[in-house]
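Next up is a structure, given as structure tokens.
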Amino acid sequence: MSITEDEARKVAHLARIAVADADLPALAQELNGILHFMEQLNEVDVDGIEPMTGVEPMRLKRREDVVTDGEQQDLVLKNAPDAREGFFAVPKVVE
Amino acid sequence: MSDLNKLTIAGARDALAKGEITAVELTETCLGAIDASGALNAFVHNTPEMARDMAKAADARIKAGDAAPMTGIPVGVKDLFCVKGVPSQSASRILEGFLPQYESTVTQNLWDQGAVMLGKLNQDEFGMGSSTENSVYGATVNPWKLGDGVERTAGGSSGGSAAAVAADLCLGATATDTGGSIRQPAAFTGTVGLRPTYGRVSRWGVIAYASSLDQAGPITKTVRDAAIMLGAMASVDAKDSTSAERPVPDYEAALTGDIRGKKIGIPKEYRIDGLSDEIDGLWSKAADMLRDAGAEIVDISLPHAKYALPAYYVIAPAEASSNLARYDGVRYGRRAKLGAGDGVVEMYERTRAEGFGPEVQRRVMVGTYVLSAGFYDAYYNRARRVRALIKRDFDQAYASGVDAILAPTTPSSAFGLGTADKSNPVEMYLNDVFTVTLNLAGLPGISVPVGLDKQGLPLGMQLIGRPWDEGGLLNLAQSLETAAEFTAKPTRWW
């Protein structure tokens, strides 16, 4: 499998990282190098093997469905690049 | 007493208990050493006021007879641990200006014991790297410098932690290990690095890279210090859903010095092509040391070991692409300057292009690709199946009665800064060839310095333990440490 410039553009957009058109050929080449390295995995017989999700077979912890933390609006907003009137502010999303 | 910064944690603890030194004196000596260490670029945010306040409180606690093992011990903290009110940016530009409003469990546990916070330590951005060159703060320089004057890497991603301990800027340091980031820097700097079993140490407040692989542990000067510091860092934590419900044992008590009858496996697959005679020779020597101490050395096979590296470089970027989706310029960190008419998508794309360094961008995009529709099965699910086979190899080795596995930590000693081929990222990935297998299997591992290479640079050997048997692993590591008699220190040039 080999990544074209167009596919590199698509991956960059999916990852929400701006990449200039001029940089796409180099990006495609790098990604191809890495994917080629991963293709060694095709040598392994994985028939009947379940994909591993965690190292310890354990049931995720559960707890009572109650509020354990909260009422910290100021702290939550403290690191925001733009916070106004108790909200995170972003550029206009809907026309 | 001069040179207090050169003490071990155990030595300082005993001297503090006897009243021979105070935590304030010890802390001042470390702060002085840090001030004079700019050339190493190990400490990147210093917290001297916090350190002095904590040292005073520690002295009061010792006086009151209420000391814990880490009370009054000055430590450095890898940048990616959130410390309330202290810059914590995982060496990334995207977290510029971020001041955590809460404390990571690991650092809280250390402060509860009375440890002293000296500052934040350099690393590769989000833990992605093997040389601490991928950092918004610039590269860390290894304190080990030879006559050739070459500046070498202190390893990565926890290069700042390893350099700081090797240069006696602090008595111990916190670090994290996703693919070898504790053990490889320890090997490159002549220090001890312990990665615990996955789930032993809480990940709460540790800025994530790959959540199924990340685990925090200590870098210290000795194995005994690693036992003391792990005991302070580890806990059962309701805030981390993968924290194991197992009480933390007394690791120092496990250091009996008796390893008679222990079975040590030598994995034949680790004898890779191109392994230097020097490292191969040291490996045999380390096996002899353990045999002389009463252990039995047996050959074992981990047939899927060679697939660990490619599996890791699918799984870790996949998890990273999900974890790092949170850096969107909205909730914390740095937002790119926007032009008139720019919308929210431009904000995301430009913020992430400016905020992430090249290696982080690369891994996020690789991760995005392997998780995207049409490739999820071919790459991500296949890698997870291979991961299951890698873990099964270890399970079978341990089921056959092996107590631990011995292997080199790294394929070479520390390499020069700036020598990696930037057009071929895979070359740097090969550094992790011996370390990454145990991350995939969730196992504990420790790197112990055992000798110097021909050039005079430190080399480490790695012991891989059974799950949850950090005590047994530390005991074996201490036997190796005792037999190796590694006492070399870098000559001060900084």
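The values are calculated or read from the model by the stated rules, or taken from the named source; none is laboratory data. What you are looking at is a predicted structure, and each value in this text was computed from that prediction instead of being measured. Note that each Cβ is placed from the backbone with ideal geometry, even for glycine, and that neighbours are counted across all protein chains shown.
Among the candidates B:T410, B:T419, which residue alone is in a loop (DSSP other than H, G, I, E, B), of a type in the set (S, T, N, Q) and either without any contact (Cβ under 8 Å) to a residue 24 or more places away in the chain or in contact with a strand residue (DSSP E or B) (Cβ under 6 Å, 6 or more places away or on another chain) (or both)?
On the way: B:T410 fails: either without any contact (Cβ under 8 Å) to a residue 24 or more places away in the chain or in contact with a strand residue (DSSP E or B) (Cβ under 6 Å, 6 or more places away or on another chain) (or both).
Testing whether each residue is in a loop (DSSP other than H, G, I, E, B), of a type in the set (S, T, N, Q) and either without any contact (Cβ under 8 Å) to a residue 24 or more places away in the chain or in contact with a strand residue (DSSP E or B) (Cβ under 6 Å, 6 or more places away or on another chain) (or both) leaves just B:T419.
Sticking with this one: Tell me, yes or no, whether segment B:1-12 has at least one residue that is out of contact with any helix residue (DSSP H, G or I) (no Cβ under 8 Å at 6 or more places or on another chain) and within 18 Å of B:L118 (Cβ to Cβ).
Among the residues of segment B:1-12, at least one is out of contact with any helix residue (DSSP H, G or I) (no Cβ under 8 Å at 6 or more places or on another chain) and within 18 Å of B:L118 (Cβ to Cβ), which makes the answer yes.
Looking at A:A83, is it small (G, A, S), more than 8 Å from chain B (Cβ to nearest Cβ), more than 25 Å from B:S211 (Cβ to Cβ) and loosely packed, with under 12 Cβ neighbours inside 10 Å? I'd like the intermediate steps shown before the answer.
Numbers: small (G, A, S): yes; more than 8 Å from chain B (Cβ to nearest Cβ): yes; more than 25 Å from B:S211 (Cβ to Cβ): yes; loosely packed, with under 12 Cβ neighbours inside 10 Å: no.
Answer is no for this residue.
Tell me, which residue of segment B:338-357 that is modelled with pLDDT of 95 or more and more than 8 Å from chain A (Cβ to nearest Cβ) is surrounded by the fewest Cβ atoms within 10 Å (Cβ to Cβ)?
Among them, the one singled out is B:E354.
Further question on the same structure: Quick check on segment B:96-147: of everything there that is outside any helix (DSSP H, G or I) and either free of Cβ contacts under 8 Å to residues at least 24 places away in the same chain or among the aromatic types (F, W, Y) (or both), which residue is farthest from B:S322 (Cα to Cα)? Reasoning before the result, please.
Start the filter on segment B:96-147 by keeping residues that are outside any helix (DSSP H, G or I), which leaves B:96-104, B:114-124, B:128-147.
Keeping just the survivors that are either free of Cβ contacts under 8 Å to residues at least 24 places away in the same chain or among the aromatic types (F, W, Y) (or both) gives B:98-99, B:101-102, B:137, B:144, B:147.
On the way: B:F98: 20, B:L99: 22, B:Q101: 23, B:Y102: 22, B:Y137: 25, B:W144: 37, B:G147: 45 Å.
Applying the filter and picking the extreme gives B:G147.
Filter segment B:292-331 down to residues that are among the basic types (K, R) and closer than 30 Å to A:A83 by Cβ and give me whichever is farthest from the other protein chains (Cβ to nearest Cβ).
So the first thing to find is which residues in segment B:292-331 are among the basic types (K, R), and the list is B:306, B:326, B:331.
Those still in the list that are closer than 30 Å to A:A83 by Cβ too: B:326, B:331.
Working: B:R326: 12, B:R331: 6 Å.
Looking at residues that are among the basic types (K, R) and closer than 30 Å to A:A83 by Cβ, I get B:R326.
Quick one: is A:L41 in contact with a Lys or Arg (Cβ under 8 Å, 6 or more places away or on another chain), assigned to a helix (DSSP H, G or I), crowded, with 17+ Cβ neighbours inside 10 Å and more than 8 Å from chain B (Cβ to nearest Cβ)?
Working: in contact with a Lys or Arg (Cβ under 8 Å, 6 or more places away or on another chain): yes; assigned to a helix (DSSP H, G or I): yes; crowded, with 17+ Cβ neighbours inside 10 Å: yes; more than 8 Å from chain B (Cβ to nearest Cβ): no.
Criteria not met by A:L41.
Is it true that some residue in segment A:3-22 is within 10 Å of chain B (Cβ to nearest Cβ), of a type in the set (S, T, N, Q) and either surrounded by 12 or more Cβ atoms within 10 Å (Cβ to Cβ) or on the phi < 0 side of the Ramachandran plot (or both)?
Kept after step one, since they are within 10 Å of chain B (Cβ to nearest Cβ), are these residues of segment A:3-22: A:3, A:7-8, A:10-20.
Next cut, of a type in the set (S, T, N, Q) only: none.
Taking every residue of segment A:3-22 in turn, none turns out to be within 10 Å of chain B (Cβ to nearest Cβ), of a type in the set (S, T, N, Q) and either surrounded by 12 or more Cβ atoms within 10 Å (Cβ to Cβ) or on the phi < 0 side of the Ramachandran plot (or both).
So that you can scan it fast, the table gives a plain yes or no per residue for (1) within 19 Å of the chain's Cα centre (by Cα); (2) assigned to a helix (DSSP H, G or I); (3) at pLDDT 95 or above; (4) within 27 Å of B:G129 (Cβ to Cβ):
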site: B:V24; (1), (2), (3), (4): no, yes, yes, no
site: B:T29; (1), (2), (3), (4): no, yes, yes, no
site: B:I62; (1), (2), (3), (4): no, yes, yes, no
site: B:A67; (1), (2), (3), (4): no, no, yes, no
site: B:S88; (1), (2), (3), (4): yes, no, yes, yes
site: B:A91; (1), (2), (3), (4): yes, no, yes, yes
